[in-house]
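Note sheet for the following structure.
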Amino acid sequence: MTKLMEFKDGLFRFWGKYEFYLQMAVKFVVAFVLFWLIGHNIGYMDRISGLPAMLILSLVCAILPRQGIIWISAIVVLLDMYALSIEAAGVALVLFAILLLVYFRFAPKDGFAVVLMPICFKLHIPYVMPVCCSLLRSVVSLIAMACGTVVYYFLDGIQQNAAVLSSTAEEDTTASKLSIVVGQIIGNKEMYLVVGIFVVASIVVYIVRSLSVEHAWTLAIISGTLVEIAGLFVGYLLLSLSSQTLWLLLGCVISMVIEFAVEFLFMDLDYARTEHVQFEDDDYYYYVKAVPKKMVALRDVKVKHFGNTESIGKKIEHKETKLSDEQEAASRKVIARELDIDEDLLK
């Protein structure tokens, strides 16, 4: 356990030292993974779906603020939708406009939640986002998480109906294509189920982790995961999506491992050293409970120099074996001061 604590402290010191460059690296990696998923699943415009375009766009996102990833990825998706079908591009434009207005109005600082949500869905671990967002951020972050969920299900539905949307047959009219695209939002019961359960789980996690009880974060993680498993399991059975239950269980197990790792990094408390403080002012009497975080004590190494300190950092000539009277007097004075003894005892 001590090794893990030392690793965590070293990791935070390393991040603090190179934070500016590491933030750029994280934005580059997240943006590249996002653009790769977009190009791999709905890359209908070849010019922006190739590796060179992905690298260039990822570098631009690394330089821009975090919201830049949202704007650039939205533009890339709209271009892909336009290459597929003008109807899909029109509906996607309206949907993105509504979601961006909601996002920038209520949760402008949670841009990573919007971006990471579709990535986590592709990795079959979207269950980690409601818990981690409520642990690390405020309850408002569920809005950004819900926006990312809606985007994922909309694009997934477009991918499944790409053949019909790109068709030029007479029976595939504009009205029928619009009906298919809009149906990915209005008629997607699975999307409503997932968004609803994730919102409930986020609220439960936020309430539990705010309680003044020991191991509140651990209880919040377990509570949120149980809400997700129970709610989605029943919902999938009612919607006849029993094939999703296996990924639900596996994804929740993997998500819990990630969530406990987050707890270890940001809220590893030492409840054995809990302190209770009471104090008052003219209007109130305060009861304060303080729980310290687990820390590894750093070794404080002090080097004391005895003798003539003027020679520190200088090359000492070993040929000189006898000190002058002035050098001996200076050395005795320094040693006596360091040892707190009478200088005459050193004669």
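Here is how the numbers come out for the structure above:
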quantity: Positions within the stretch 181-195 being in a helix (DSSP H, G or I) and either more than 30 Å from Phe112 (Cα to Cα) or free of Cβ contacts under 8 Å to residues at least 24 places away in the same chain (or both), in sequence order; calculated: Ile186, Tyr192
quantity: Matching residues, the stretch 81-114, being under 14 Å from Asn161 (Cα atoms) and acidic (Asp, Glu); calculated: Glu87
quantity: Residue within the stretch 51-62 that is surrounded by fewer than 21 Cβ atoms within 10 Å (Cβ to Cβ) and either outside any helix (DSSP H, G or I) or of a type in the set (S, T, N, Q) (or both) present; calculated: no
quantity: Filtered residue count, the stretch 180-235, keeping only those that are hydrophobic (A, V, I, L, M, F, W, C) and more than 30 Å from Gly90 (Cβ to Cβ); calculated: 23
quantity: Residue within the stretch 66-75 that is touching a residue at least 60 places away in the same chain (Cβ under 8 Å) and over 20 Å from the mean Cα position of the chain (by Cα) present; calculated: no
quantity: Any pair with Cβ under 9 angstrom, 6 or more apart, that starts in the stretch 44-56 at a residue that is under 21 Å from Ala88 (Cβ atoms) and ends at one that is among the acidic types (Asp, Glu); calculated: Tyr44/Asp80; Met45/Asp80; Ile48/Asp80; Ser49/Asp80
quantity: From Glu317, Glu280, Glu259, residue being over 27 Å from Phe14 (Cα atoms), of a type outside the set (Phe, Trp, Tyr) and at pLDDT 75 or above; calculated: Glu280
quantity: Residue ID - nearest to Met145 (Cα to Cα), chosen from residues in the stretch 208-221 that are without any contact (Cβ under 8 Å) to a residue 12 or more places away in the chain and open to solvent by 60 Å² or more (accessible area, probe 1.4 Å); calculated: Ser210
quantity: Residues that are open to solvent by less than 60 Å² (accessible area, probe 1.4 Å) and over 22 Å from Phe12 (Cβ atoms), drawn from the stretch 263-276; calculated: Thr274
quantity: Identity of the residue in the stretch 23-44, crowded, with 18+ Cβ neighbours inside 10 Å and closer than 21 Å to Asn161 by Cβ, that ends up farthest from the chain's Cα centre (by Cα); calculated: Tyr44
quantity: Meets criteria (β-branched (Val, Ile, Thr), within 15 Å of Gly148 (Cβ to Cβ) and modelled with pLDDT of 90 or more) for Ile75; calculated: no
quantity: Among (1) without any contact (Cβ under 8 Å) to a residue 24 or more places away in the chain; (2) in contact with a Leu (Cβ under 8 Å, 6 or more places away or on another chain) - the single one Val164 does not satisfy; calculated: (2)
quantity: Qualifying residue in the stretch 6-24 (condition: closer than 19 Å to Ile119 by Cα, modelled with pLDDT of 90 or more and either among the hydrophobic types (A, V, I, L, M, F, W, C) or out of contact with any Ser or Thr (no Cβ under 7 Å at 6 or more places or on another chain) (or both)); calculated: yes
quantity: Residue count, the stretch 128-155 (criterion: open to solvent by less than 20 Å² (accessible area, probe 1.4 Å), more than 14 Å from the chain's Cα centre (by Cα) and not small (Gly, Ala, Ser)); calculated: 4
quantity: Residue count, the stretch 243-291 (criterion: closer than 19 Å to Ala220 by Cα and not in a helix (DSSP H, G or I)); calculated: 5
quantity: Which listed residue is open to solvent by 50 Å² or more (accessible area, probe 1.4 Å), in contact (Cβ under 8 Å) with a residue 24 or more places away in the chain and farther than 30 Å from Glu6 by Cα, from Leu239, Leu249; calculated: Leu239
quantity: Total residues in the stretch 252-262, condition crowded, with 16+ Cβ neighbours inside 10 Å and small (Gly, Ala, Ser); calculated: 1
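The values are calculated or read from the model by the stated rules, or taken from the named source; none is laboratory data. Predicted model, so just to flag it, every value in this text is computed and none were measured. Counting neighbours? That spans all protein chains shown, and the Cβs are built from the backbone with ideal geometry, glycine included. Only protein heavy atoms, including side chains, enter the accessible area calculation; ligands, DNA and RNA are left aside. Shrake-Rupley method; radii C 1.70, N 1.55, O 1.52, S 1.80 Å.
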